[in-house]
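Step one of this worksheet: look at the structure below.
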Amino acid sequence: MGGMHGMGPIAPEPDEPVFHAEWERRAFAVAMMAPTRGGRYARERIPGPEYLRMSYYERWLAGLCMALVEQGVVTAEELARGTADPAKPKGTKPRGPDDVRRALTTSGSYMREAKTAPAFSPGDRVRARNLNPIGHTRLPRYVRGRQGVIERHHGAQAYPDTGAGDAQALYTVRFSARELWGMDAAEHDSVSLDLWEPYLERA
Amino acid sequence: MAHDHDHHDHGQEPPSDIALRVKALESLLLEKGLVDPAALDAIVDHFEHNVGPRNGARVVARAWTDPAYRERLRRDATAAIAELGYAGAQGEHMVALENTPEVHNLVVCTLCSCYPWPVLGLPPVWYKSAPYRSRAVIDPRGVLEEFGTELPDDVAIRVWDSTAEIRYLVIPERPAGTDALDEEALAALVSRDGMIGTARL
């Protein structure tokens, strides 16, 4: 939704609590702990009008329910009924509080070994490809077809679009505000994004 | 998932059905042996008590007072932040963005709500909501004004849209007249919004 107008005022809330209701605490924790993959991917497939109407944790809950059923963790019937089907196998060893504390306070790494040398170097002029996939992508619409400059090569991270987790070079690419938004934008303002190599071509 | 009420994006008065649905889901996963209730409590406790903007403020105050630390933060922010004990999920790959008299940095996640948990905790509702996510990239000066932050025209704004697994922390400029303050007193001056970039200190 980057660059869209008409979404209303931002409305910061003074002294905002971490959670606003008990159900938000539980929804967040359950979503973190449920044995599913790709919660963000599921949340992005919530139909647009519903997505905008939902609050943040309603989206988490909706995405979690989608992922649970799609990945066969629970059946749609179990979800609707709220009780387990006795014929289905049960988990035996869910992650405990110590596992959680360790996972939340120790950093893993999203960096992967690249199979090929990076195609671009800092300073190279590139264009974001005009890709419009139906599924998941992390290439925002507002940079597609726009020219920018490679600012930094981070190494390689799993490429989100294929879902296969193949490593691709990741770069910070800087776009001038005028390239993105036209001459009304301030001359020296810019927007930088972290983009995978398949999103980019030499300009 | 039909709602028959006027929705607002704050979640303060949730439809009672959602609280019930969450409860039902939790008990289903419990019954299936897929989640441990003590682990759920540990998650909530972590985000309500262990992480939050106070962590990031200590990083900023250290950067203000220790030039060698600031240099390490520039070179490898993940490692420099870990020196102060802050690491973990959503802080795996950190980049520090230094504000200067010429450049002001502003962080957004237009695609979802990526946010550096170890140093800032969970994001506020406005950060995750459509108005901020849509407008921060196209109208950063308007967004700053909405936060009461006026930026001179000759200060360039650099917006950072966290589209991958890299997380950003803004290092605000040290306010004038704070030479006498120690690190702890300086940390108290650093606000969450200052480290997102919607405020100047």
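Could you compute the FRET efficiency for A:K90 and A:L52, with r as their C-beta to C-beta distance and R0 at 41 Å, rounded to 0.05? Could you put the intermediate results ahead of the total?
Working: r = 38 Å, r/R0 = 0.92.
Efficiency, rounded to the nearest 0.05: 0.65.
Residue separation times 0.36 nm, minus the C-alpha to C-alpha distance between A:H136 and A:L79: what's the value?
18.0 nm
Suppose only helical runs count, i.e. DSSP H with n ≥ 4. What mean residue ellipticity at 222 nm does that imply for chain A under -39500 (n - 2.57) per run, divided by all residues and rounded to the nearest 500 deg cm²/dmol? Spell out each step's value before the answer.
On the way: 7 runs with 59 residues, N = 203.
About -8000 deg cm²/dmol.
Treating cross-link reach as a plain straight distance, find the lysines whose alpha-carbon is under 25 Å from the alpha-carbon of B:K23, omitting any fewer than eight places away in the same chain.
Hits, sequence-local ones excluded: A:K88, A:K90, A:K93, B:K32, B:K128.
Would you work out if the protein assembly as shown is rounded, prolate or oblate? Take a ≥ b ≥ c from the square roots of the eigenvalues of the alpha-carbon gyration tensor; rounded if a/c is under 1.5, else prolate when a/b is larger than b/c, oblate otherwise.
Working: a/c = 1.56, a/b = 1.38, b/c = 1.13.
Verdict is prolate for the protein assembly as shown.
In the protein assembly as shown, what % of DSSP beta bridges are antiparallel (nearest 5)? Numbers along the way, then the final one.
On the way: 23 of 38 bridges.
In the protein assembly as shown, DSSP labels about 60 percent of beta bridges as antiparallel.
Could you work out how much longer the chain between A:R129 and A:E13 gets when fully extended? Use 0.36 nm per residue separation minus the Cα distance between them, nm to one decimal. All intermediate terms of the calculation are to be shown ahead of the outcome.
Values: separation 116, 0.36 × 116 = 41.76 nm, distance 3.81 nm.
Result: 37.9 nm gained on full extension.
By residue number, which cysteines of the protein assembly as shown lack any other Cys whose Cβ falls under 4.7 Å from their Cβ?
A:C65, B:C112, each lacking another Cys Cβ under 4.7 Å.
Rank by packing, highest mean first: peptides B:105-118, B:21-34, with packing defined as the count of other Cβ atoms within 10 Å averaged across residues. All intermediate terms of the calculation are to be shown ahead of the outcome.
Numbers: B:105-118: 23.7, B:21-34: 19.4.
Sorting B:105-118, B:21-34 by mean packing, highest first, produces B:105-118, B:21-34.
Please determine, in degrees from 0 to 90 and to the nearest 10, the orientation of helix A:56-70 with respect to the longest principal axis defined by the Cα atoms of chain A, where the helix direction is its Cα long axis.
Approximately 70 degrees, to the nearest ten.
Going by the alpha-carbon gyration tensor, a ≥ b ≥ c the square roots of its eigenvalues, is chain A rounded (a/c under 1.5) or, if a/c is not under 1.5, prolate (a/b greater than b/c) versus oblate? Please list the in-between numbers first.
Values: a/c = 2.10, a/b = 1.58, b/c = 1.33.
The shape class here is prolate.
Given the C-alpha centroids of the stretch A:9-31 and the stretch A:128-203, what is the distance between them in whole angstrom?
If you average the Cα positions of each part, the centres end up 31 Å apart.
Could you point to the residue in A:M66, A:P35, A:T105 farthest towards the positive end of the stretch A:22-105's charge dipole, with +1 and -1 charges on the Cβ of Lys/Arg and Asp/Glu respectively?
Farthest along the dipole direction, towards plus: A:T105.
Any read-out appearing in this document is the output of simple, stated calculations on the displayed coordinates, not a laboratory observation. Model, not experiment: these values are computed from the prediction. Backbone-built Cβ (ideal geometry, glycine too); neighbour counts: all protein chains shown.
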